[in-house]
Structure formats: C-alpha cells, structure tokens
Amino acid sequence: MELINDLISGALPFTEWPMFILLIGGGLFLVFYSKFLPYRFFGHAIAITAGKYDDKTAQGDVSSFQALSAAVAATVGLGNISGVAIAIHDGGPGVVFWIWVTALIGMCIKFYSCSLAVMYRTTDADGKLQGGPMYYITKGLGEKARPLALFFAVCGLFGFLGVFTANQFTDTFMTVVEPNETIANFGTFNWQLGIGFVLAIVTSFVIFGGLTKIAKVASAIVPFMVLVYLLAVVVVMVLNASQIIPSLKMIVTEAWNFKTVVTGGFWGLVIIGIRRAMFSNEAGLGSAPMYHGQSKTDSPIKEGLVAMLGPFIDTILVCTFTAVVIILSGAYLEDGSGIVMTLSAFEKTLFGYGDDLLMLIVTAFALSTLFTYSYYGVKCLSFLTNPKIGKYYNWYFVIMIVFAAVASLELVKNLIDLSYALMVIPNMIAVLLLAPKVNKEAKKYFQRLKGEQG
C-alpha cells in the first residue's frame, strides 16, 4: 500500500496546474460568459426543483427533485463532514474561504455541464436514456473527440470507487464504538476488515437491485439525515453563538495568510481548497451530469438550473456549518484528521453525545454515497464496453470497499485526488467548447418563459 501511495502522490503535483486553469480559469470564463445567469435565476431554480414547472409528458427515468436528491446524496456526505476536516487539518481554517470561491464558480460549471447532459443524451444498447460527459463529448464535439471521452471513462473507473466513504465510515466506527474495548478484542485490522465486509454485503444488496431502488432509498434517507445534521450544527452554533463571528473572521483572514506553513505556501493553501471543494460538490468533475442526464425534463436549461443548486446546498451551506463547528470547538488544533476531527468537535460541543449522533448521520451518508457511486462507475465501464459488461463494475466496486476499510486515509485521499484531477481535464475542455450551445438554448428558454408568464 505504501508503494501505491508513493506512486500516486508523486503524480499529483503534475495535475495541479491543469486542474487550477480549467476549474478556476475556465469556471470564471463561464461566469462572465453566462452574464451571471445561474445566480440571477436562483429563485427560479428553486421553483423548478419544487415541481412548479414539471411536464408530465417529459422523457426520463427520475424527477428533477430525485435527480438532485441522488446527486446531493452522492455529494452531501462524507466529503462535507470529513472532507472539510481534512482541508482544515492540511491547510488551516483559511482553506474554507477557497472552498467557498470554488463552490460559487462551481455553480456556474454545474449549470453548463448538466444542461449539456440533457442536450446530448442518448439511448444505449438496452434502450435506456444515458447522459454525461462521455456523451456530450462524443455527440457535441464529434467522433474526433472520442479519445477525450475514453480518457474520462477510464479515470472514472477509479474516481467513482466508494473508497473514501468506506475508509471514513470505518474510522468513525472504530473511534466511536471502540469495538476492541466494548465488544471483543479481535485487533484493529480484523475489525476494519470485518466492517469492510459488512459494508460490502449491505451495498451489494442495493446496487445489484438497479437504479430505481437506489433513487428511492437515497431520496428517503438523505434529506432526513441532512436535516438532522443541520439541526445538530444549529444547536452547537446557538450554544456557542459568541464564537460564530470570530470563527468566520478567522476563515477570511487566514485565507490571505501569505506566510502560511502549509506545504507549497499560499499556493498550496489555494490548491487544497480547490481540491476539497471539488471533492465536496463535484462541480467540473462530470459525475452529476450522469444523474441529471436521466431526469424527466423537457428542457436542458431547467435541469442545469436545478443542478447548480447542488454546490450551494452542499458546499456553501453544509461545509460552512461543519467548518464553524470544527473551529469554534478548537478541534482543528488537535492531531486527528478527517472524520476523527469532526467527531471530536461534535463530542466536545454536544454534551458528550455528539459523536454518537454523528455516527448515525455518517452511517446514512456513507450508505447513500456507496449506493449512488457504483452507478457512475457502471456507466463508465458500459461506455468503454457495453451495458452487459458494464454491470460487472459492481463486483469490483464491492471488493474495493473491503480494501478501503483497511487502507490508510492518505492513500485513499491521494487516489481520489488524482482520479478527480484527471477527470476534470476532458470534462472541462468539452464544457468550455460547448458553452455557446448552452447559451443559445438558454436564450430560447427564457424567451419562452417570458411568453408564458407575459
């Protein structure tokens, strides 16, 4: 495992510049190119999600709300609860500011990429609707761009593994339950292995059941758990109200700390922020378009507007709340990274029971993420081969859950960071090249909307 980790961490620095230029540079270009459209129609996006503009005759497998729930299920999860802790551990509180910046730009990227997913959706060999980067690359840019789509799908085979989730869930269980003391002393490795097997078995029941079950399970568990999590955070904030403003102030002042001790200095700080924001809300990554490409909608622009709410809910709200709790509890000054830091913050601030409550929430998030992620990987393998072979991805996905349960956080984090950075490259190139098509479609959509309302 150490050898694999050394190889991956050696390759990571080479992906920093392309990722930064495409995500932040490309994202800012889209913000201005769209004339701030996603931000101006924020209220309209909420109305669409609430079903106000639903078309009963539209094609697709799941409703816009279900697609957003499933995409938020895959993104509001451990990326927000432990991803933020990892970011603060690696770069200090100032990192959160760069997570915000990336998320705001990410809303615009999500609008474009998910609109494209519906514009260029197609049917596969089984006659099912398919959307996502592989399809808008090949249909939008033409066959000459197929290598880009293949490169994206190959990286997706690694990027869409549930390794981070399985690893952090195992950490949570070991920290909160302390099974060696409270249940039986089987040794840490055996417990981790056991947890990995249980997670793998539970996941296989759902993922071998197909997408509609996944959407049902995710849309049932996740909104409820997000609410419980937000309530817990609000309680902590009310009890420590005087600390909220100093915590937020610290985030902003530390963001511009040019003498920071982070590896890579100020630049390193920004890169950690971008990485963790991308991990938290997946804007620019190309995973959410795969879900949104299947929603029942009559308009790509409508779907793009629904999708752009993802980074807002996920990163601006949930990540900020987590960060404030970690900072005001002082947990960020401790040694632990990842979920262990967040658990410590909750335990300190919620009468000693916070970590048990977080354990429940983490379980729900972990399962929903594992249920939704395998689906992305299946789509990548299906694109590279065909839908029959694509289904075998689930077996590989389940086996890797067991591997992740015993792997180190460092290895898992580096594997995901490398795969994500590589997936951004083909996806963002396509989104930037196809942006004029989205603008044209948006113009038509808003003219039609004016006509209906006028």
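The values are calculated or read from the model by the stated rules, or taken from the named source; none is laboratory data. As the structure is a prediction and not an experimental result, all values here were calculated from the model. Cβ placement follows ideal geometry from the backbone for every residue including glycine, while neighbour counts extend to all protein chains displayed. All accessible areas refer to the heavy atoms of the entire protein, side chains included, with ligands and DNA or RNA removed. Shrake-Rupley method; radii C 1.70, N 1.55, O 1.52, S 1.80 Å.
Could you please state how large a percent of the accessible area of region 373-454 is carbon and sulfur, counting protein chains only and using a 1.4 Å probe?
65
Give, in nm to one decimal, the length gained when the segment between Ala47 and Ser9 is fully stretched (0.36 nm per residue of separation minus the Cα-Cα distance).
Full extension of this stretch gives 9.3 nm more.
Given the pairs Lys128/Lys443; Lys128/Lys440; Lys139/Lys437; Lys296/Lys450, which are separated by over 18 angstrom at their Cα positions?
Lys128/Lys443; Lys128/Lys440; Lys296/Lys450
Take Tyr392 and Leu360, extend 7 Å from each Cα along the Cα→Cβ direction, and tell me the distance between the two endpoints in nm.
4.3
To the nearest 0.05, what FRET efficiency results for Ala241 and Tyr353 with a Förster distance of 22 Å applied to their C-beta separation?
That pair, Ala241 with Tyr353, gives E of 0.60.
In nm, what is the difference between 0.36 nm times the number of residues separating Val202 and Arg146 and their Cα-Cα distance?
Gain in length upon complete extension: 16.5 nm.
Round to a whole angstrom and tell me the spacing of the C-alpha centers of region 363-407 and region 93-170.
With region 363-407 and region 93-170 each reduced to a Cα centre, they are spaced 15 Å.
Determine the order of Val235, Val31 by accessible area, beginning with the largest, at a probe radius of 1.4 Å.
From most accessible down to least: Val235, Val31.
Expressed as a whole percentage, what fraction of the accessible surface of region 96-214 belongs to carbon and sulfur atoms when a 1.4 Å probe is rolled over the protein heavy atoms?
Carbon with sulfur: 67 percent of the solvent-accessible area.
Rounded, prolate or oblate for region 374-430? Axes are the square roots of the Cα gyration tensor eigenvalues, ordered a ≥ b ≥ c, and the cut-off for rounded is a/c under 1.5.
Cα axes put region 374-430 in the oblate bin.
Using a simple spin-label model with points 7 Å from Cα along the Cα→Cβ vector, what separation in nm is obtained for Ile21 and Lys450?
Using points 7 Å along Cα→Cβ, the separation is 3.8 nm.
Taking amide H positions as placed 1.01 Å from N in the peptide plane, with prolines and chain starts having none, which residues 5 or more places from Gln130, or on another chain, fall under 5 Å of its amide H?
Those lying under 5 Å, H to H, from Gln130 are Thr122, Thr123, Asp124.
Whole angstrom only: what separates the Cα centroid of region 309-357 from the Cα centroid of region 188-204?
A separation of 25 Å, based on Cα centres.
Suppose only helical runs count, i.e. DSSP H with n ≥ 4. What mean residue ellipticity at 222 nm does that imply for the chain under -39500 (n - 2.57) per run, divided by all residues and rounded to the nearest 500 deg cm²/dmol?
After summing the helix terms and dividing by residue count, I get -23500 deg cm²/dmol.
Using a probe radius of 1.4 Å on heavy atoms only, what accessible surface per residue do you get for region 342-408? Whole Å² is fine.
Accessible area per residue, region 342-408: 37 Å².
Only Cα pairs under 8 Å and at least 6 apart count here; give the relative contact order of region 335-393 as a rounded whole percent.
17
Can you tell me how region 232-335 classifies by the Cα gyration tensor, rounded, prolate or oblate, using a/c under 1.5 as the rounded cut?
Oblate.
If I stretch the segment between Glu178 and Ser408 completely, what's the gain in nm (0.36 nm per residue apart, minus their alpha carbon distance), one decimal?
Contour length minus Cα-Cα distance gives 81.0 nm.
Please compute the per residue accessible area over region 102-254 with all protein chains in place, 1.4 Å probe, rounded to a whole number of Å².
43
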